[in-house]
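S.K.: Sending over a structure as structure tokens; questions will come in a sec.
The values are calculated or read from the model by the stated rules, or taken from the named source; none is laboratory data. Please read all numbers here as calculations on a predicted model, not as lab measurements. Every residue, glycine as well, gets a Cβ built from its backbone with ideal geometry; the counts of neighbours run over all protein chains shown.
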Amino acid sequence: MKKYLLLFALLFNYFLSFAQTGTIKGIVRFEDNQPATSVSIYIEGSKKSTFSDEDGRFVLEKMPYGKYALQFVSLEAENKSVVVQLNSPSQEIVVSVIKKEDQKLEEVVIKKESIKKQTEEKGFAVNVIETKEAGLRNLQTIELLNRTAGVRIRQNGGMGSDASFNINGLSGNAIKIFIDGIPSSSYGSSFDLNSIPPANIERIEVYKGVIPGHLSDDALGGAINVILKKGMRNNFNVSTSYGSFNTTQTNFNGLYRFEKSGFTVKSSGFLNYSDNDYKVEGDFVYNILPNGRREFLKARRFNDTYRSIGGVIELGYTDVKWADNFMIGFTTSDSYQEVQHGVFMTTPYKGRFTEADANLLNLNYSKKDFFAKGIDFDLQGIYGTRNRLVNDTVTGVYNWDGKRAIDINGNPVFSNVGAQQGPATIANIKRDIFSLRVNLSYSITKNHKVLLNNVINTVAREDDDEMRSVLERKFMGTRDMTKNITALTYEFTGFENKLKTSLFGKYYQQKLERMNPTVEVIDGVNTRVENVSKSNKEATGYGVAISYAILPNVMLLTSAEKAVRLPNENEVFGDVTENTLDNPNLRYEMSENLNLGFRLGTFHLKKHSVFFALNGFIRDIQDRIGRPLSSMINTDIQVLGFVNQGNAKSQGFDFEMNYTFNDNLNITFNTSKFELTTTDIYNRKRDLPNEPFFTMNAGVNYFFKNVLAKDAQLNVFYNYMFVDTFNFLFPPSANNAGLGLFDIPQQNIHDVGLSYVFPNKKLVASFDAKNIFDRQVFDNMGVQKPGRAFYFKLNYVFNNF
Amino acid sequence: MKRKFFNLLAFTTVFGSLLFTTSCSDDDSNGGSTEPPITEGRWITVAGAIMGTDEGVPGDGNGGTLIYSVSKEDAKDPNKTIDVFENGYVVPSARTARLQSSEDGFTFFNIAYGGGNGGEFSKYVVGGGQNFSPVGGIVNISQYASANPRWVKLFDGDKTGVAVNVTAPVVNSTEDGTYINTRGTATVLSLDMQNSLISATKSYEIALSQAEEALGHHIFRLDAPVLNAAQDKLIIGTWMRKTDPATGTNQAQFERLGSKSVVVDYPSLENPTIITSTVGFGDTSGYRSFNSFLANDGNIYQATQRDAGGSHILRINQNNTYDNSFVFSLDAALGVTNSYIENWRYVGNGIAIVMYTHDGAAESTLSGQAQSYIARVDLNAKTAQQIDLPYDQDLYLFQYQGFVVDGYDVYVTFAPVGKDGNIYIINSQTGAVTKGAKLVNRPGNHFIGAF
């Protein structure tokens, strides 16, 4: 009945406005303002229809004046109906559609491209890792990153152990991690890539070498930006997994929005635990007998437990007149991690552990068309305290069998350094942190956009060590750091969207303050005096990213940046315990980074689709900060400060390809190869040791429909990783004897997995078998990683409540 | 087959050492000299250290160590060329290894310094060229002496090696923050090098006098042990440090105490006591190699480093105490100021070959390090003379470890950092120098001894 009435009304309108016609133009967007492409738009009761283009735009021409019910239908979005009254020659509308969350997997693939495309086609060398699928599987965030072209994670053991990130040959301080654009150092190690599960992450952006202005930190060689789950639709999902080495991971995230008021509650949480008691063996794994002889064994790691727990709760308003998003929240996290060994596996530790916790208040505000049309504004702030504890008090020496080492007299051996890794310590480091990030962008016209970004970061640090004497604890210093980074970006899009350019300049400022108490004799009395030293460093950098689409499927990308890293507190002020002097004249490190690559695809031929991307890169670090190695330093009271003397150059390429058949077979492959060298004072190019310079990853994913039940889906995964042999000492000549001891052997690792989506689409079960051939996997300095392992996981999704 | 080989080795070693001990103990009281034993068919093993890769500084030796052996005849022949960096054997050590050889040069000992295999003792049969065959298995002493052990062999016929260690000294104060003392725990370990086994190990806290401790003085490191003539005591060198009693932090500048050594019973390694000199005011720990020697006169001679009045050579008599009547100042003997003994070797008959630097030394433009020199010291006459060699401002002998004493011939490697050089044979009687085989160098590298 209703339908007939509507039809009648439409017909009536049609006849009334018979004489005049007009055009309905518009843009279809998702709630996060991303354009909704390929949305089918039709008019109820009419044959007229169209599709939205790449920018979400659509046009319906020669429409008689009248009232229309426009229907928006897409695989990616919930259906939407909008009523338009056309009574002028041209009528413009903006339609916001809601992204679908619980889609079939082939639909996920489509969605993947649209998000990835946006970021990846701006000209930067960037990989966008979608976590949607991984979130349902037994994968950790770190593993996902490790499978990305050009990214290599160096980890000192199993789940939760200290990780260092290497992007295109640069690592350590050169790589910066961000969480929603805020440097992750603010969150600390209890809320980091080790602990945040993929399920709570929307996507991860990996920028190689050239980092856009909106990510502001002194990142010399790359940035990893973790974007936590967003979205404005009511949902709640929970998952739990269990597997080898007593590993369990549970997480949830959910959102509820009151339709009327826009009041929104958002929450997520995680709990990770692992014994990490996997077996290790090899040249560095042996018990030392009382007579000093070595007894090799296959040992189970016994001091490697990891536990982390954390959560975020946010309250606020979304999609209201005065804000697209306004949330005030609280983030809390706590982690405990045992440390099994140092850089090498030779000496196993017992009882050494670290703890970290963070309690932070967050504020998020964003608004499109802030004050005026085309001006977008967003702000993120965090404020709070984080603590870190290093506990190493066990004085006994242990063997790899977990038992006390016994000396030749039959007595237990006591540590020759004090405790397991060094002097006995219960070191507490307390940091008060504040971080504020402000982004302002103005779209001058469709083709011109200006962005201004600023990040302020302050850390006030206090140290204490319960194992030190009362006297020493009275004289422990404090450290303060303020970093202020401003970036100005100009974006130009031209030649019918074929050319996209982004030009940016960055200004870095860092203030350091150190207070060390000393004693001065005042009026004949020993008095505690606070000795304060300060430093203020400034630097500027700039860069450009350009992409040009020669054909719709052929795109050239290039980007370059003069990137900087400011010296840290130890480097500027020196460290008495390490015999280093201060050097207030220390300059920043500088790297000239260049990327040049192309993207081919996606090409479609019948049921085949294929995509390729290649990026060649150069990273050229000058004025690298280092300690002048002097043998005298060991032997004399004289001390030296850090200097800008080093250099390093990395050059190589990343290659990626993706092949899809009939939407149910997907094959991915990537490889990365680089050469990392340094030029010494004799102008000799020398390879830097301990770098895995050649890696490959391949993945196969096959998807079966209607397995066991109608509408059920089965996904089968296979992943292969290859790391070529590398050395941690380079011999001067091929004629030398006695080599081989310093090689890390070639590694071939195979993982398989499957996930089953139950017909109701709410429950997903997955199973993963990692390192199925139980090969030895190595990392830093020959540290062995887990062997064969199995994991099982259940995910449950509630929607539309 | 293997067994036979071992026996042969053991025989050679025992025989060699017997020969040596017999000759050495023949002390000539008439003031005439006794020639140290000459080993026929002896290998001369040359060791070279590579400049570190990452932010390497010429002469830092952080890129590893290579060794290469030649016959005594070839070593003496200036027409021969040795390229240890091109053809050498890479010693398993991440940083400069701490090397030792048997007195006859047929066996080579190493304890890896740092890295994954740090603290591993290994023994090799020297086979000439780059041939070093591991024998006897590996002994790991890292649990006692750390992965960066300080060790030397004793002059007991290559039977024993001794490693020493001190844990990071801990500052002790009362509950109200009044300073008490700073102490670490010392460990002494003896190693049976013939059978490749640990033979004894002992740990203890070694206290200084209460007055010294109250000022903040403490033993920071031990190094360079030596066995006395009676073979019943070890004399161990010390490196002293001082805590500022007001703040509990290390004091960069301080007034030094008289040079100290730790004396322990041998072979039990028990009963540590401290002896103090009133002549020297420097440390007695040396660097990476020997710093004390038992001389033909039954006394021990020990060099000092970081000595306020320049390096001294101190005498420890047969009662195992400092003989303060014996005064040898290198400054006085050479007429220089603030001399510093980097390395030295007692070569018999009261004669020593000393590698040193001093305040007037040139500075290397490559590394900023002070230039090294070599002198012949007569401990009896208390004289010293710089040996006539082609000195260069880049000559850097700070990390030097190996001298070969073969009769009156003392073999040393001599090359500036990054430049070619030669083996030189110094006649310990006359101080005369003979040029031996050419040593081919590489930029940034240097030679750390002949073994």
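S.K.: Output the residues belonging to segment A:485-499 that are in contact (Cβ under 8 Å) with a residue 60 or more places away in the chain and over 25 Å from the mean Cα position of the chain (by Cα).
M.R.: A:Asn497
S.K.: Also, quick follow-up: From A:Phe270, A:Phe263, A:Phe252, A:Phe258, which residue is free of Cβ contacts under 8 Å to residues at least 12 places away in the same chain and closer than 29 Å to A:Ile328 by Cβ?
M.R.: A:Phe258
S.K.: So which residues in segment B:334-344 are away from every other protein chain (no Cβ under 14 Å) and surrounded by fewer than 22 Cβ atoms within 10 Å (Cβ to Cβ)? If you could, list the steps in order and put the result at the bottom.
M.R.: Taking segment B:334-344 as the starting set, the residues that turn out to be away from every other protein chain (no Cβ under 14 Å) are B:334-337, B:339, B:344.
Passing the criteria: B:Leu334, B:Gly335, B:Val336, B:Thr337.
S.K.: Which condition does A:Val757 not pass, out of (1) touching an Asp or Glu at 6+ places or on another chain (Cβ under 8 Å); (2) buried (at least 17 other Cβ atoms within 10 Å of the Cβ); (3) among the β-branched types (Val, Ile, Thr), if it passes all the others?
M.R.: (1)
S.K.: Please verify whether A:Thr395 is farther than 21 Å from A:Gln155 by Cα, touching a strand residue (DSSP E or B) at 6+ places or on another chain (Cβ under 8 Å) and in contact (Cβ under 8 Å) with a residue 24 or more places away in the chain, treating the condition exactly as stated.
M.R.: For A:Thr395, the condition - farther than 21 Å from A:Gln155 by Cα, touching a strand residue (DSSP E or B) at 6+ places or on another chain (Cβ under 8 Å) and in contact (Cβ under 8 Å) with a residue 24 or more places away in the chain - is met.
S.K.: Still on this model: Here is a list: A:Glu538, A:Glu491. Which entry is surrounded by fewer than 16 Cβ atoms within 10 Å (Cβ to Cβ) and within 30 Å of A:Gly209 (Cβ to Cβ)?
M.R.: After applying the criteria, what remains is A:Glu538.
S.K.: Determine which member of the set A:Gly316, A:Gly329, A:Gly310 is more than 14 Å from every other protein chain (Cβ to nearest Cβ), outside any loop (DSSP other than H, G, I, E, B), surrounded by fewer than 21 Cβ atoms within 10 Å (Cβ to Cβ) and in contact (Cβ under 8 Å) with a residue 60 or more places away in the chain.
M.R.: On the way: A:Gly316 fails: in contact (Cβ under 8 Å) with a residue 60 or more places away in the chain; A:Gly310 fails: surrounded by fewer than 21 Cβ atoms within 10 Å (Cβ to Cβ).
So the residue among A:Gly316, A:Gly329, A:Gly310 that is more than 14 Å from every other protein chain (Cβ to nearest Cβ), outside any loop (DSSP other than H, G, I, E, B), surrounded by fewer than 21 Cβ atoms within 10 Å (Cβ to Cβ) and in contact (Cβ under 8 Å) with a residue 60 or more places away in the chain is A:Gly329.
S.K.: Checking B:Thr413 against (1) of a type in the set (Val, Ile, Thr); (2) over 23 Å from the mean Cα position of the chain (by Cα); (3) not in a loop (DSSP other than H, G, I, E, B), only one condition comes out false. Which one?
M.R.: The failed condition is (2).
S.K.: On the given criteria, is A:Gly342 closer than 30 Å to A:Gln776 by Cα and either aromatic (Phe, Trp, Tyr) or surrounded by fewer than 17 Cβ atoms within 10 Å (Cβ to Cβ) (or both)?
M.R.: The answer is no for A:Gly342.
S.K.: Further question: Going by what's in this entry, would B:Thr357 be described as within 14 Å of chain A (Cβ to nearest Cβ), closer than 30 Å to B:Gly444 by Cβ, touching a strand residue (DSSP E or B) at 6+ places or on another chain (Cβ under 7 Å) and hydroxyl-bearing (Ser, Thr, Tyr)? Quick ask: steps written out before the conclusion?
M.R.: Values: within 14 Å of chain A (Cβ to nearest Cβ): yes; closer than 30 Å to B:Gly444 by Cβ: yes; touching a strand residue (DSSP E or B) at 6+ places or on another chain (Cβ under 7 Å): yes; hydroxyl-bearing (Ser, Thr, Tyr): yes.
The answer is yes for B:Thr357.
S.K.: Restricting to segment B:98-115, what's the tally of residues that are out of contact with any Gly (no Cβ under 8 Å at 6 or more places or on another chain), assigned to a loop (DSSP other than H, G, I, E, B) and more than 11 Å from chain A (Cβ to nearest Cβ)?
M.R.: Step one: filter segment B:98-115 for residues out of contact with any Gly (no Cβ under 8 Å at 6 or more places or on another chain), giving B:98, B:105, B:107-108, B:110, B:113-115.
Of the ones still in play, those that are also assigned to a loop (DSSP other than H, G, I, E, B) are B:105, B:113-115.
From the residues that got through so far, the ones that are more than 11 Å from chain A (Cβ to nearest Cβ) too are B:105, B:113.
Of the residues in segment B:98-115, 2 are out of contact with any Gly (no Cβ under 8 Å at 6 or more places or on another chain), assigned to a loop (DSSP other than H, G, I, E, B) and more than 11 Å from chain A (Cβ to nearest Cβ).
S.K.: Which one of these does B:Thr304 not meet: (1) within 14 Å of chain A (Cβ to nearest Cβ); (2) out of contact with any Lys or Arg (no Cβ under 9 Å at 6 or more places or on another chain); (3) surrounded by fewer than 19 Cβ atoms within 10 Å (Cβ to Cβ)?
M.R.: Unmet condition: (3).
S.K.: Now for a different question. Counting only residues that are more than 14 Å from chain B (Cβ to nearest Cβ) and charged (D, E, K, R), give me the strands (runs of 3 or more DSSP E) lying completely in segment A:643-734 with at least 1 of them.
M.R.: Hits in segment A:643-734: A:643-661, A:665-679, A:694-705.
S.K.: As an exercise: evaluate A:Asn291 against (1) touching a Pro at 6+ places or on another chain (Cβ under 6 Å); (2) farther than 28 Å from A:Asp743 by Cα; (3) within 14 Å of another protein chain (Cβ to nearest Cβ) and give the number of the one condition it does not meet.
M.R.: Looking at each condition in turn, A:Asn291 falls short on (1).
S.K.: Please give the number of the condition B:Gly286 fails out of (1) on the phi > 0 side of the Ramachandran plot; (2) in contact with a Gly (Cβ under 9 Å, 6 or more places away or on another chain); (3) away from chain A (no Cβ under 12 Å).
M.R.: (3)
S.K.: Looking at B:Thr12, B:Thr53, can you tell me which residue is at pLDDT below 95 and within 30 Å of A:Asn690 (Cα to Cα)? Walk me through how you get there before you give the answer.
M.R.: Values: B:Thr12 fails: within 30 Å of A:Asn690 (Cα to Cα).
Going through B:Thr12, B:Thr53 in turn, the sole match is B:Thr53.
S.K.: Among (1) more than 7 Å from chain A (Cβ to nearest Cβ); (2) under 21 Å from the mean Cα position of the chain (by Cα); (3) of a type outside the set (S, T, N, Q); (4) farther than 12 Å from B:Ile448 by Cβ, there is one condition B:Asp77 misses while meeting the rest; what is its number?
M.R.: Here B:Asp77 meets the rest and fails (2).
S.K.: Consider A:Ile772 carefully, then state whether it is assigned by TED's automatic domain parsing to the domain that holds A:Ser241 and either crowded, with 19+ Cβ neighbours inside 10 Å or part of a strand (DSSP E or B) (or both).
M.R.: Details: assigned by TED's automatic domain parsing to the domain that holds A:Ser241: yes; either crowded, with 19+ Cβ neighbours inside 10 Å or part of a strand (DSSP E or B) (or both): no.
So A:Ile772 does not fit the description; no.
S.K.: Okay, moving on. Select from segment A:43-67 the residues that are outside any strand (DSSP E or B) and either outside the structural domain of A:Lys25 (by TED's automatic domain parsing) or farther than 30 Å from A:Thr119 by Cα (or both) and list them in ascending order.
M.R.: Listed by number, the residues that qualify are A:Glu44, A:Gly45, A:Ser46, A:Lys47, A:Lys48, A:Tyr65.
S.K.: Do we find that A:Asp751 is surrounded by fewer than 19 Cβ atoms within 10 Å (Cβ to Cβ) and either of a type outside the set (Ser, Thr, Tyr) or in contact with a Leu (Cβ under 6 Å, 6 or more places away or on another chain) (or both) in this structure? Explain how you work it out, then say what you get.
M.R.: On the way: surrounded by fewer than 19 Cβ atoms within 10 Å (Cβ to Cβ): no; either of a type outside the set (Ser, Thr, Tyr) or in contact with a Leu (Cβ under 6 Å, 6 or more places away or on another chain) (or both): yes.
Here the answer is no, as A:Asp751 does not meet what is asked.
S.K.: Give the residues of segment A:280-293 that are surrounded by fewer than 17 Cβ atoms within 10 Å (Cβ to Cβ) and assigned to a strand (DSSP E or B), sorted by residue number.
M.R.: A:Arg293
S.K.: State all residues of segment A:189-247 that are of a type in the set (Asp, Glu) and in a strand (DSSP E or B); if no residue qualifies, say none.
M.R.: Passing the criteria: A:Glu202, A:Glu205.
S.K.: Which one of B:Arg241, B:Arg256 is closer than 30 Å to B:Thr174 by Cβ and in a strand (DSSP E or B)?
M.R.: On the way: B:Arg256 fails: in a strand (DSSP E or B).
Criteria check complete, one pass: B:Arg241.
Residue by residue, here is whether (1) within 22 Å of A:Asn253 (Cβ to Cβ); (2) touching a Leu at 6+ places or on another chain (Cβ under 9 Å); (3) surrounded by fewer than 16 Cβ atoms within 10 Å (Cβ to Cβ); (4) not acidic (Asp, Glu) holds:
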position	(1), (2), (3), (4)
A:Pro348	no, no, no, yes
A:Lys373	no, no, yes, yes
A:Thr385	no, yes, yes, yes
A:Leu389	no, no, no, yes
A:Thr395	no, no, no, yes
A:Ile408	no, yes, no, yes
A:Val413	no, no, no, yes
A:Ile426	no, yes, yes, yes
A:Ile429	no, yes, no, yes
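S.K.: Could you please give the count of residues in segment B:51-74 that are within 14 Å of chain A (Cβ to nearest Cβ) and either free of Cβ contacts under 8 Å to residues at least 60 places away in the same chain or outside any strand (DSSP E or B) (or both)? If you could, list the steps in order and put the result at the bottom.
M.R.: Within segment B:51-74, the first condition is being within 14 Å of chain A (Cβ to nearest Cβ), and the residues that meet it are B:51-69.
If we keep only those that are either free of Cβ contacts under 8 Å to residues at least 60 places away in the same chain or outside any strand (DSSP E or B) (or both) too, we end up with B:51-64, B:66.
The qualifying residues number 15.
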